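Here's the structure we're looking at; comments come further down.
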Amino acid sequence: MNQFSWYASLVKPSWAPPSWLFGPAWTVLYILIAISFGNVFRLFFTGKVPFIVLLPFILNIVFNLAFSPIQFGMQNNMLAAADCVLILATLAWAMIAILPYAPWVTYMNIPYLCWVLFATTLQFTITAMNR
């Protein structure tokens with residue numbers, strides 16, 4: 001079974017958004033992420049923030065990029081749910097870490113945080129419904 005038919009075959013809650021919504025949502029979020037995370041990298045490379053402030057942003061990108069291969073490539077809901085927790089944790093850490101240096105980065109990532117909270121809840125629900 002290919003990755004798309006596998007995901008389509010999963011039982012999902014009634015409140016799950018339609019699949020067409022994920023593309024536009026992530027497009028907007030990736031624009032916000034590119035602008036805000038890019039500025040954190042700039043702040044680090046110009047010596048305005050220490051590496052410990054940059055670290056959660058790096059980890060968040062890694063965990064974010066790992067989600068699709070885990071969910072759709074490996075077809076592993078449990079591991080995908082764990083990855084969602086790591087995305088959420090590193091995002092919260094990043095938002096707190098950058099707040100004293102560039103509060104606008106924290107505020108700009110509120111939509112991303114809201115989406116990740118929703119997506120984590122959705123992933124855990126799908127995981128539980130498909131045990």
Determine the gain in length on full extension of the stretch Ile31-Lys48; use 0.36 nm per residue of separation and subtract their C-alpha separation, reporting nm with one decimal. 3.8 nm
Using only alpha carbon pairs under 8 Å that are at least six residues apart, calculate the relative contact order of the chain and give it in whole percent. 33 percent
How would you classify the chain from its alpha-carbon gyration tensor, with a ≥ b ≥ c the square roots of the eigenvalues: rounded for a/c under 1.5, else prolate if a/b is greater than b/c, otherwise oblate? prolate
Using each residue's phi in region 30-41, evaluate 6.51 cos²θ - 1.76 cosθ + 1.60 at θ = phi - 60° and report the 3J(HN,Hα) Karplus result to the nearest Hz, with x for Gly and Pro. 5, 5, 4, 5, 4, 5, 6, 5, x, 5, 5, 4
In what sequence do Lys48, Lys12 fall when counting other Cβ within 10 Å, fewest first? Lys48, Lys12
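Every read-out reported here was derived from the displayed coordinates using simple, explicitly stated rules and does not represent laboratory data. What you see is a predicted model; the values in this text were computed from it and never measured. For neighbour counting, all protein chains shown are included, and Cβ atoms are generated from backbone atoms with ideal geometry for every residue, glycine included.
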